[in-house]
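First up is the structure itself, then whatever we jot down about it.
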Amino acid sequence: MRQLSAVTNLVLAGLASVALALSLQLPWLAPPGELPEGLSAPEHAVRQLARVFATVPGEIAGQDAFVNSRSTLFTMAVAMIVLCAMMAVPAMRGMLREVLRALGLITPLAVGYLLVARPGGVAGDLHWGAFVALGVSVFVASAAWHGAAIRGRRPVAGAWARS
């Protein structure tokens, strides 16, 4: 199976970081819904799943739900873009490789923390924007990990090189 080049992964990590920052404008939470009584377990699960993707009055965007934490996600996105750009300098690749990988792995953990812990006491059911943000953050982690594998150009073997 053919893989994308490291440079392409670095570009994708930067673009996905922008998408992660923009996903804060999507509806992450919705007010708890009322479900009819007497539903079986599968019917209840299907209604809950349908509610995740339905338009619900009172949806809460990620930037409104996590006012104190949104600057952290923006900072992580900007740091990812800067690190990806700095990986273009061959002399800095060795220093930045592990930092880029660490930031990539921390990104989905931070989004997952926001979804589970909900700092600031935000209440509500998860909505589709939260799942988009989680998926994009996992993509950022994958692209950053593979982009960190960028290597310098190999020297061209001279006539005196061993065969």
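The values are calculated or read from the model by the stated rules, or taken from the named source; none is laboratory data. A quick note: this is a predicted structure, and the numbers were derived from the prediction, not measured. Reconstructed Cβ throughout: ideal geometry from the backbone, glycine too, with neighbour counts over all protein chains shown.
Could you count how many residues in the stretch 92-133 are buried (at least 19 other Cβ atoms within 10 Å of the Cβ) and either part of a helix (DSSP H, G or I) or free of Cβ contacts under 8 Å to residues at least 40 places away in the same chain (or both)?
So the answer is 10.
Identify, from the list Val67, Val89, Val46, the residue that is more than 15 Å from the chain's Cα centre (by Cα), aliphatic (A, V, I, L, M), at pLDDT 90 or above and exposed (fewer than 15 other Cβ atoms within 10 Å of the Cβ). Working first, answer last.
Values: Val67 fails: at pLDDT 90 or above; Val46 fails: at pLDDT 90 or above.
The conditions single out Val89.
Listed here are the residues, each with its yes/no results for (1) in contact with a Gly (Cβ under 9 Å, 6 or more places away or on another chain); (2) under 19 Å from Val136 (Cβ atoms); (3) of a type in the set (Asp, Glu).
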| site | (1), (2), (3) |
| --- | --- |
| Ser23 | yes, yes, no |
| Glu34 | no, no, yes |
| Gln48 | yes, no, no |
| Asp64 | no, yes, yes |
| Leu73 | yes, yes, no |
| Met87 | yes, no, no |
| Glu98 | no, no, yes |
| Leu115 | no, yes, no |
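Taking into account only those residues within the stretch 49-64 that are modelled with pLDDT of 90 or more and assigned to a helix (DSSP H, G or I), which is nearest to the chain's Cα centre (by Cα)?
Looking at the filtered set, the residue picked out is Gly62.
Are any of the residues in the stretch 31-42 in contact (Cβ under 8 Å) with a residue 12 or more places away in the chain, surrounded by 15 or more Cβ atoms within 10 Å (Cβ to Cβ) and not acidic (Asp, Glu)?
The first filter runs over the stretch 31-42 and keeps only residues in contact (Cβ under 8 Å) with a residue 12 or more places away in the chain, leaving 31-33, 35.
Next, only the ones that are surrounded by 15 or more Cβ atoms within 10 Å (Cβ to Cβ) stay: none.
No: zero hits.
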